[in-house]
Structures are given as structure tokens and as C-alpha cells.
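**Q** Mind having a look at this structure? Questions to follow.
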Protein chains: 2
Amino acid sequence: MPGSSKLYGYSGKILRVNLASKEVKIVKLERDLARAYLGGRGLNVARLYYEVPPGVDPLSPENKLFFGVGPVVGTGFPLGARLNVTAKSPQTGILGDSNVGGHFAPELKYAGFDQVVIEGRSDRPIYLYIHDEAVEFRDASGLWGMTVSKTYEAIRRELREPEVQIAAVGPAAENLVRFSGIFFNRSRPAARTGLGAVMASKNLKAVAVRGSGYVEVAKPELFEKIVEEIELEVFSHEQYWPRRVMGTSRILMAANRIGILPGKHFTEPEVPYAFNVSGEMLALKYNVKNRACFSCVVPCSRVFVVKRPGQAFIGEGPEYEALAGMTVRIGNSDLEKALKAVETVNELGMDVISVSEVISWAMELYSTGALSREDVGGLELEWGNMDTVMELLHDIAYRRGFGDVLADGVAAAAEKLGKGFEVAFHVKRLEMIQADPRGLKGYGLGFAVSTRGADHLRSEPFIELSDDPKIGLKMFGVSEATLRLGVRGKGRLVAYYENLCALVDSLGVCKNLAENMNILDYEKTARLIEAVTGMGLSPARVEMIGERIVNLERAYDVREGVRKRDDTLPRRFLREPLKVGGSAGHVIELDVMLEEYYDVRGWDKKTGVPTARKLEELDLVDVAEDLRRRGLIS
Amino acid sequence: MPGSSKLYGYSGKILRVNLASKEVKIVKLERDLARAYLGGRGLNVARLYYEVPPGVDPLSPENKLFFGVGPVVGTGFPLGARLNVTAKSPQTGILGDSNVGGHFAPELKYAGFDQVVIEGRSDRPIYLYIHDEAVEFRDASGLWGMTVSKTYEAIRRELREPEVQIAAVGPAAENLVRFSGIFFNRSRPAARTGLGAVMASKNLKAVAVRGSGYVEVAKPELFEKIVEEIELEVFSHEQYWPRRVMGTSRILMAANRIGILPGKHFTEPEVPYAFNVSGEMLALKYNVKNRACFSCVVPCSRVFVVKRPGQAFIGEGPEYEALAGMTVRIGNSDLEKALKAVETVNELGMDVISVSEVISWAMELYSTGALSREDVGGLELEWGNMDTVMELLHDIAYRRGFGDVLADGVAAAAEKLGKGFEVAFHVKRLEMIQADPRGLKGYGLGFAVSTRGADHLRSEPFIELSDDPKIGLKMFGVSEATLRLGVRGKGRLVAYYENLCALVDSLGVCKNLAENMNILDYEKTARLIEAVTGMGLSPARVEMIGERIVNLERAYDVREGVRKRDDTLPRRFLREPLKVGGSAGHVIELDVMLEEYYDVRGWDKKTGVPTARKLEELDLVDVAEDLRRRGLIS
């Protein structure tokens, strides 16, 4: 790459849009940043770190919103269509970051941009229309208040451009619900960490993009060879057909079998009605077609139809998180009502994981009497009462009554009410996903240490579900590492997959390929990077890029106040053993795992702060300097 | 049941047809036989034991052919549409028995019969048309020589009855190929042990059946409840969707992963081209629709289309055995050619497993120089030469040249040529299936002891593939029992599943439900029997029926000369460790497993003959008496 004038795999330009001044700047992608962070998530966090100083109010004009795309996107690489959205999170006050598939990311690349930086705040509702290098600020006052799909349809009607790709926010974001998301093509949300609220706080209702360019790879023959190899592995993978038929919704039955469902707010790890709300049932009764992301060969998204007389509706998905969230987590066994609820959450523009936590948290407190009917504004908050849930979804999105109490997230709700702290299931103020970590201990460690709070998508140690000691022994030298109830080796496992996740999020590749089907390792990724960008890096150097990104994110969080005390899990998972099911008797032995993790990371075991030595080893010399200046490292 | 006048679950009648005298007798089903053997396979072997004395020439008029149907068939029970065909085998000289799905079995029940006994030999080619209690002997001289599908179409045209079900034999059976089968509705063969030759030896080209009756169950409410429970388990089973998309063809990739493919006659347990000939590839490129057996909820059969210009063809299947047999076993990596070969085997009316062995055996001898090109009639018998294979298939079916050498099976071929004995892969003269038992040791034991020779369908210890020690511990008290490379506990495992197979084959239930998805255990089977027949039996009594059937079959084989020395495997599997793949380094420790098996069975460890005590314990007093009279037990 040094000496070469062209940045293969990249569009080579960054778009900076100032919504206050309506100024548009198109600048060259910095070669050194591309080399150090690749693109997407890595490029976004680098810019966030350097451009958004600590202490900025996430909903103020000083926060910035980054859309980043990696070099693999738009090349035709299978499962390579991911976009990363980044900002300071209004929900957690630390790194806000969400990753999404679909068709927006390649379109942005074809328009000519590897990254869009959105700054300032517009004085009135607008949306952006990027077509190639032209950027229009278009009036969105007529769109304000519209649901996600209405917005989508209105913009498509207005632009008369059939291939335009649209990212929009719904009413929840407009009302600054702290867990509102940005929705791409209606049903693909970048929903975690409240980035929808950041976008809406800037009076930006949507971003539409259309491009006519292309992306050139450095070594076309090598690239074709890798694509062929990867496709062969995908098609011949034992998960290929189940994923194609059910997507991630297939996980619900598996989670029931091993007793890790979040039933009734993590009190029922297996439920008798699992099949009725399963991906199998969706496939049997409701799915009508599959839908794939751009250039993907595993069409894992499904369009479903519910043919209820007079109330028929069509939707897309749901993925496992939404499915389990609107069924077992809130004690609901009615699949059609769950599908309706998921559609509603999407239409209002919220993160279904956080929604499922705030509602199931309130339901648990209501069931134990800690919250009375008056406390919740007269709602009947019994487990599985879907009439109440539907009402509450709107109340949250429009910040009405008890909905307003929940609209800032579960940590804030506990603070407002002064109760329910122990059963508020979040880490660093981000709500926990639909897997009980007592039965998936690597996931538990991953939740505790993730740079954006409690979820699986920062490490996704899916290999743990194989429960195969031979793999653990081979990959990490510890057979327990890949046993889901094992403890030893989990630090190594999580760090390995955290680095890999950071890497693929920065390249623009889907985690279903890398972590879930476990097809991309560092060696293959190194070859892929070489084929696309021309950079010849060893597998170890490639892993180092992932490690660099994770460390930069951690440094960002540290600068915002995160320390070892925040790397923890709610008490239930640490102290109360599961009572029934395939993981009965288990809690998480977090301390042991955390110690190993800090060891592997080279972070200070007392504070959880990356050491200067580690940062410098990762070429983050200026970051070490910055933290030192602030007295955070010595 | 005693005291009740009606036999619930049964049609209640037996049809006896004498092809020589053209005499038809309709007699009542014997209540005591139904009670002791249920139906299908059990009822067939009972009648074989008592009606066909030892020493009878299998292709003489003295042999009898039994079509038996179990009580569950025709009730609407899911995966309950199996028919059992039995006779003395012309291929092995012992028990001949094959089990088949489709729509024939319920149709026979609706015509009024639980069993058809075919005796004697017609003086000219005929086919039988059974419509309710009317039986017609129809001229088949015009059909003689026709392939399976031509025969099927000709009979349908002639009878003008759209719902008629047809079992027919092809040219191979007419030419008394010892591994020719009976084909139901074109592509569902009862093909093992050469029953097609038995049928053709009687000048019987086909049996067509049409019924207008129904089957009444004893306890309809209990029955409905069980059906609901079973369907729930089926739909929510992790194998449901893979089975639905790929049927058993899905096994090929799994077999490759664990290194048990029969590549090039069991010398290549994994092959680089596995995906190209896999069930996944079939589903991706060729399958156009699914097809189910009567009342089945897992439509696991697939209709495929090969769109080769000028040579397009449609077919059904193939299952794993056919797929692996016409690809890896003979060194062929061309899927379309394999599909054509499987269709040809079906059209000619042969057992694809035996075909794959005789051809791959000859190819191995050819490759080592043990057979010269002259020895094989000038054929070019290189691995994977599909032109030769297509030629040879016809030569076998029409007994031409080297094909005639192979047409009596691999054991006979080695005897005729005086070579290749050690690599003739059969047990008791029945050719081995497409799984290398060195990597599936329970299967290996199953092959060695099976009452019809080397295959998996007498025990099908599929649970071994789970490789889960917890299941073994729970079911058999030995964790190794369900590890595929384990040795201890295999005797118990195989006996358990042999009894269960005998039971479900006698009830008319599919092994995909009982053994492969592992949904039917003895407790559930007891409830099912009660619901259908009204018999209230404990799970232990129900297992005893299975055990009784296996012992009666063994007694039949013993009467025909089988002893412990026949319970073995070809040398390669006992002495030569696998060199590569997921089971590398392994052979089968047969002696240890066999000793445990005899122990569990209560058979004489020196001779392998069931003890009088065991036979009497199973109410087989007259069988014990018979064997004693013949000096076979003391």
C-alpha cells in the first residue's frame, strides 16, 4: 500500500456534512487510518476518539454521528454488506456503536464514500440525499412524526429512484428515547446504544443514498479464489440450510434445550411452549420467502405473513433476539401477537432487546408487588399480557406516563423509581440480550467486558455452543474454553473473538460468516485483506488490528469513566444458580474469567485500564499520551 | 384384547394367494400372532419360520413371499406408512427382509388385509390386482421385460384407477439378479436381500392394490393426544428442517466431516469433492419439490430435475445410500452422472447398495491389478469411470459378460473368480452400506450381528452420532455407549435399538421417527400400541416383543446354518486402521463388543445360538422345541 497511489477496496473519500451550517466537505480517506483501522467500526471509533472529546452531551450538536463502511463491502464478497454506525451513546454515555446489513453500505460505497461524518444540528427537520458526490439537504417537516415504513415510502415516492437506500428514524428517536435505533430499509435496525436518538437530536430524519460507482479490488484473481473457497465452505456448512430456512430464529429451540432462555426475565430458562414461538413454527406456518443482504449467499432473513382475518399483516424477520424478546422474556406464548409486537417496535423505531428488558423488568417488579398498579399508571402488567405490551410500546415511544419512566433504559428507570436495581439487567447501562449467561459462560464474560455494554455482538463466542473440548484444546490450549459451562480458557476465547469481531466489523463482513459459522479465522482474513486492499499482512498483524480497535474503544470508554468495577454482571447471574433445565445449578464464575481476560488483554488488573505498554505495542502512542495527560495511566 | 371381538388397528384378514393353482384364500388374522408379533416384520418372520422349512431353494415355488403391514399403518399416525416384505433370501440363504414406505401399505390395509402370503409359481407372467376383497390374476406377458417405471405406467393405464398402488419388479429381477428388489411406486424400493428375484421367480411382475375401507383405533382420544405430542416433537426437532430439505442425503457432508465415507471402496473416508456430490448441492441446484409418504409430516423425499440439454431427466431421491454409493464409493465426483446412475439402478430394479459394492469391489481389484482388463470383459474399470458404470449396470441386470459374474453378489463373485475374498465387503453375503464402521463402532457391531446381513436398518444406533456421553450414561449406564468411537456399552446400545427396530418395523412406523430422531422409546411405543390396538402393555413387555422378533429371526438364521463365526466383519475393518480423516487410527474392536452383545442377548457365547432359556422366556417355546429337535440347542 505505501507507494501505491490507489486505495484498492476503498472509495477513497470521506463525506463530512455539517447540519448547522449546511456545509459539505469531501476529503480524501487518510491512508494511515485505513491501514491502522481498515474501515467501518475501526475507522468510526478512531474518528470518535479524536473528534468527540470526553464529557460531550450525546444529544448535543457537539456529538457526531459516523457511518463507516469497510473495504470488503461492495466487492461482491459473500456476507460482506455490513455498515457500522457510531457516536457517543445517549443511553450509556460511553461508546455508541451498532452494525447493520442490507443494501445501504455498498450503495454508500458506490456513491463514493467510505465514511460519512455528520456534525452539528439542523434548525429544522431535514433528510440527506446523497447521490454520488451530490448532497442535498431536503425538507423533512412533512416526515417528522412518521413511522419507519411510512418515512421509507414517502422518501421513495419523493425521490422516484427505485434503487435508493434509506436509513431513517421513527417516532421514538424523535422523542429521544434512549434506546431508539436507525432503521435501514424498514426492517434492518442499527438499534443498540440509542443512535436513533443521536440522529433525531440533529433534526435528521433520514439519510438516502444512491451511487453509480464501483469498487476495485487489488488482486482480482486471488479475490475470486477466496470467494470460491468461502462459498464452498458456506454451502457445505452444516448450518447452511437451517440458517437459510430459519435464520437466527432457529436458536430459540436450541436455547430451550440447553436451558438458557430468558423466560420471564431470566427466571424460566426453559419453557413448555417453546416450539409454539420457535423459528421452526415460523417456517412451518408463516414464512413466505427469503431475503438476503447485498451479495450474500445465505438469504437468512424471512418475509412472513400473518393471515388473521381483518388484521392480516406482512413483516420481515424476526431474528432470535426479537423473537425471544417478545415471547419468552415477557412470558408471552402467542406467536402472532409477538410478531405484531416486533413489527410495532420496528415501526416506532426502537431497540427490541432494550424494550424487552424494560418491559420484563417492570413485569417482574409488578409480579412481586414491588411495583403496584398505580406505580405503573394503571397498566395491567401481568406476564404475557400483550394488550398492555402493545399500549406500553406506544407509551414508551411517545414518552407517555409509565412509558416515559422506561424510555431512558432500565438503569435510568430503576434510578427514577428508586427500586429494582438488582434486577435491572444491563451492563454499563446497556440492556442484556436473550441468552442466560449462566448457561453460556463465555457469553457472560463477553457481556461484562464488551466496549458498548451487555451484548454478544462484540465477541460472539458462538463456538461455545459446540460444547466440543477438542476445538478448545486446538484453538486455545484449554479444552474447557469451548465447553459452554466451562470456566478456564474463557478469557482467551473472548479476547480472540473480540478481536475477530472488531476486525470483521471494520472490514464490513457479517458475523454469521466469521463467528457463528466460524469460517473466517485470522489466516483467511489476512488473505482476504491482501486480495481486496493489496496490503500483505501476516495473520498476527491482522489480529493486531482487531486488538488495536478493541483497545482504542476501551480507551475511549476509560476516558468517559469506565473502570474494572463496570466490568460486571447483574447479581442474579453471579449468585443465583439456575433452578431447572439444561444448565441447572450454574452461576457465572466471573472473577476467575475476568482475571484471565485482563491477563490476555495486558490490562491493569486493579483498574481494568489498558497499560501504556499495551497501547504503545499496538501503535496507539498518542492514545497512551492522551490518557497519561488525563492522569488515567502512568 | 382378550375378550374383545374386534382387532382394533387391524384390518383383521390375511390374503393367501397360490400362484400355481390361482387359488385365493381369505382367512382371519390370528389373534395370538397379532399379540405376539404385532404385524409387519414380526408377523412375516413368524409365518416364514413356521411355513418355510430349512433347506428350501429361495427361487423355487416352495419359498413364500410375505407382504406384512402393522397396526399403526393407515391410522393417520405420522411417519406410520411402512410395509415389510419377507421371504427366504436368494442372495444370503437366510432371512430375506426389506421395509419400504410410500402409499402401498395403507392401501393394502384399506383393501382389508394385514398380510398377503404369496405361494407357488405361476406358469406364465402375471400381475395381481387386489381391490378390496376381489383378487384378479392378470396377464403380464406384455409387461415382462419392462423397466420399473414403464411397468408402473402400463398398469396404471390398464387399470384406469388413479389411486392404485403398485409394487413391481424390473428386468434385473426377471433375470434373477440376486440383489434385485421390489419397487413401490417407481422409486421406493424394498431392495435388500433380493426379494425382487423371489417375486420374479414366481412369474409375478407386480402387485396392484386399491382399497376403500378404513382402520379403526381402539382409543381415539388417547391416539389423537399421542399424535399431537409426536408431531410437536417432530416439528420442534433440530433435525426437522434439515431432514425436510435434504432427507438422508444430508448425511454425506456429516460423514465426510467425521471421516466415515466409503470413498473408493472404503479407502478414502473423506474426499475433497464431498460438497459437489452432497445433499446440500442437490437442494441448491436440483431439487424442485418434496414428497412424503402417506400421513407423514416430514416430506423427506425430493423430486429433482437435471436440466442437461438434450438429456434432461427427472427423478426422486436419492437417499444417502444411493448418493454415496454412486459417487464416493466408486470414486465418482460428478453428481449429475451419479443421479443418472441411481435412476438407472432403480429402473432396472436393483439394490443400489449391493450394486455399489460389487462395482467398487471390482474397481479396487482392477486398480491393484488383481483383475485385468480381460478378466472384466474388456471394460475400463478405473475409479469413477461412469461410462463403464452405466454399461455395467445393464450388463448386471441382463447378466451379460462380467455383469453376470457380479449379478449374484460380491461373495459369489469372489467365489466365481477365486479372488478378492478379503475385500468382498459383506456380512452373511449381504453387501455393506455406505458408512465405514471403523468410525461408527456401534454400527459395526450392528452389521456383524444383524439377522439379515450387513446393514444399519436392523439396529440403526443413530444416537451414536450425537457423540454425547451424557446420553449413553443415562440410557445404558455407560457413557462410551453413545460415543461413536467408544467400545464399552455397544452391546447394550445395539441390542436396545435392534429390539426397537423390530418393534417399529412390526408396527409400521418409520425409523426416522424412532431411531434417527430418537423420538419413540418403549414407553411411548407402549402408549401408542394401547391407543391403536387397546392392548395395555408395560414398556418392558413392549420391548420384549421386539426382543422376541429378533430372537425368532436369529433362530430362523440358525436353522439355516448361521453361527457365531458368521457374526463378523471383513478384515479391513478389523485390522487396518483408517489413515486419514475424523476417525483416523481406528479399527473395530469387534470381539469385546460381541461378547457384551451375546451377554445382553442371553445367547450362547461359544456358538451364538439363542439359549433354550432365553427362547422360553420370550414365549418361543415351540421354537426352542424345534431347535432342540434339530440338535441345535440342548
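**Q** For A:LYS614, state whether it is basic (Lys, Arg) and assigned to a loop (DSSP other than H, G, I, E, B).
**A** No; evaluated as a whole, the condition is false for this residue.
**Q** Kindly establish whether A:ASP334 is of a type in the set (D, E, K, R), touching a helix residue (DSSP H, G or I) at 6+ places or on another chain (Cβ under 7 Å), surrounded by fewer than 18 Cβ atoms within 10 Å (Cβ to Cβ) and closer than 25 Å to A:ARG302 by Cα.
**A** In short, yes.
**Q** Which of the residues spanning region B:279-332 are among the aromatic types (Phe, Trp, Tyr), away from chain A (no Cβ under 14 Å) and touching a Phe, Trp or Tyr at 6+ places or on another chain (Cβ under 7 Å)?
**A** B:PHE304, the sole residue that qualifies.
**Q** If you don't mind, there's one more thing I want to ask. Out of region A:255-278, which residues are part of a helix (DSSP H, G or I), hydrophobic (A, V, I, L, M, F, W, C) and either closer than 20 Å to A:MET517 by Cα or within 11 Å of another protein chain (Cβ to nearest Cβ) (or both)?
**A** Scanning region A:255-278 gives A:ALA255, A:ALA274, A:PHE275, A:VAL277.
**Q** Among the listed residues A:ARG563, A:ARG613, which satisfies the condition of being under 24 Å from A:PRO437 (Cα atoms) and surrounded by fewer than 17 Cβ atoms within 10 Å (Cβ to Cβ)? Spell out how you get there, then give the answer.
**A** Working: A:ARG613 fails: under 24 Å from A:PRO437 (Cα atoms).
Only one candidate passes the filter, namely A:ARG563.
**Q** Within region A:214-267, which residues are in contact with a Gly (Cβ under 7 Å, 6 or more places away or on another chain) and of a type in the set (Lys, Arg)?
**A** If the condition is that a residue be in contact with a Gly (Cβ under 7 Å, 6 or more places away or on another chain) and of a type in the set (Lys, Arg), then A:LYS219, A:ARG250, A:ARG257, A:LYS264 are the ones that fit.
**Q** Could you tell me whether region B:515-534 includes any residue that is closer than 22 Å to B:ASP619 by Cβ and without any contact (Cβ under 8 Å) to a residue 12 or more places away in the chain?
**A** no
**Q** Restricting the search to region A:226-237, which residues are in contact with a helix residue (DSSP H, G or I) (Cβ under 7 Å, 6 or more places away or on another chain) and within 11 Å of another protein chain (Cβ to nearest Cβ)?
**A** A:LEU232, A:VAL234, A:PHE235, A:SER236, listed by residue number.
**Q** Does B:VAL504 satisfy the condition of being assigned to a helix (DSSP H, G or I), β-branched (Val, Ile, Thr) and under 25 Å from B:ALA292 (Cβ atoms)?
**A** Details: assigned to a helix (DSSP H, G or I): yes; β-branched (Val, Ile, Thr): yes; under 25 Å from B:ALA292 (Cβ atoms): yes.
Judged against the criteria, B:VAL504 is a match.
**Q** On the basis of being at pLDDT 95 or above and in a helix (DSSP H, G or I), does A:ARG488 make the cut? If you could, list the steps in order and put the result at the bottom.
**A** Values: at pLDDT 95 or above: yes; in a helix (DSSP H, G or I): no.
No.
**Q** Next question, about the same structure. Would you pick out the residues in region A:580-610 that are part of a loop (DSSP other than H, G, I, E, B), surrounded by 21 or more Cβ atoms within 10 Å (Cβ to Cβ) and not assigned by TED's automatic domain parsing to the domain that holds A:GLU560?
**A** A:GLY608, A:VAL609, listed by residue number.
**Q** Taking A:ILE353, is it over 16 Å from the mean Cα position of the chain (by Cα) and either modelled with pLDDT of 95 or more or surrounded by fewer than 22 Cβ atoms within 10 Å (Cβ to Cβ) (or both)?
**A** no
**Q** Conditions first: (1) part of a helix (DSSP H, G or I); (2) in the same structural domain as B:LEU335 (by TED's automatic domain parsing). B:ILE230 passes all but one, so which condition is the exception?
**A** The one condition B:ILE230 does not meet is (2).
**Q** Looking at region B:467-514 only, could you name the residues that are free of Cβ contacts under 8 Å to residues at least 60 places away in the same chain and of a type in the set (Gly, Ala, Ser)?
**A** Residues satisfying the conditions are B:GLY472, B:GLY477, B:SER479, B:ALA481, B:GLY486, B:ALA514.
**Q** Could you name every one of the strands (runs of 3 or more DSSP E) located completely within region B:39-156 that has at least 1 residues being at negative phi and either assigned by TED's automatic domain parsing to the domain that holds B:CYS300 or of a type in the set (D, E, K, R) (or both)?
**A** B:83-88, B:95-100, B:115-119, B:134-139
**Q** Of all residues in region B:203-225, count the ones that are in a helix (DSSP H, G or I) and either crowded, with 21+ Cβ neighbours inside 10 Å or within 14 Å of another protein chain (Cβ to nearest Cβ) (or both). Can you show your working first?
**A** The first filter runs over region B:203-225 and keeps only residues in a helix (DSSP H, G or I), leaving B:220-225.
When the remaining residues are screened for being either crowded, with 21+ Cβ neighbours inside 10 Å or within 14 Å of another protein chain (Cβ to nearest Cβ) (or both), the result is B:223.
Count: 1.
**Q** Which residues, counting only those in region B:244-293, are surrounded by fewer than 21 Cβ atoms within 10 Å (Cβ to Cβ), touching a Pro at 6+ places or on another chain (Cβ under 7 Å) and aliphatic (A, V, I, L, M)?
**A** Passing the criteria: only B:ALA292.
**Q** Sticking with this structure for a sec: Could you look through region B:186-202, keep only residues that are assigned to a helix (DSSP H, G or I) and hydroxyl-bearing (Ser, Thr, Tyr), and pick out the one that is surrounded by the most Cβ atoms within 10 Å (Cβ to Cβ)?
**A** B:THR193
**Q** Take the residues in region B:531-542 that are buried (at least 20 other Cβ atoms within 10 Å of the Cβ) and assigned to a helix (DSSP H, G or I); name whichever of them is nearest to the chain's Cα centre (by Cα).
**A** If we take residues in region B:531-542 being buried (at least 20 other Cβ atoms within 10 Å of the Cβ) and assigned to a helix (DSSP H, G or I), then B:VAL542 is nearest to the chain's Cα centre (by Cα).
**Q** I'd like to check something: does region A:238-254 contain any residue that is more than 11 Å from chain B (Cβ to nearest Cβ) and under 22 Å from A:GLU107 (Cα atoms)?
**A** Looking for residues that are more than 11 Å from chain B (Cβ to nearest Cβ) and under 22 Å from A:GLU107 (Cα atoms), one finds none in region A:238-254, hence no.
**Q** Under 6 Å between Cβ atoms, which residue pairs at least 6 apart in sequence (or on different chains) link something in region B:237-262 that is under 25 Å from B:PRO299 (Cα atoms) with a partner that is basic (Lys, Arg) and in a helix (DSSP H, G or I)?
**A** Going by the 6 Å Cβ cut-off, the qualifying pairs are B:PRO242/B:ARG250.
**Q** Oh, and also: Check whether at least one residue in region A:329-339 is over 18 Å from A:THR147 (Cβ atoms), small (Gly, Ala, Ser) and not in a helix (DSSP H, G or I), and report yes or no.
**A** Yes, because at least one residue in region A:329-339 is over 18 Å from A:THR147 (Cβ atoms), small (Gly, Ala, Ser) and not in a helix (DSSP H, G or I).
The values are calculated or read from the model by the stated rules, or taken from the named source; none is laboratory data. These numbers were taken from a predicted model, which means no experiment stands behind them. Note that we place each Cβ from the backbone using ideal geometry, even for glycine, and neighbour counts take in every protein chain shown.
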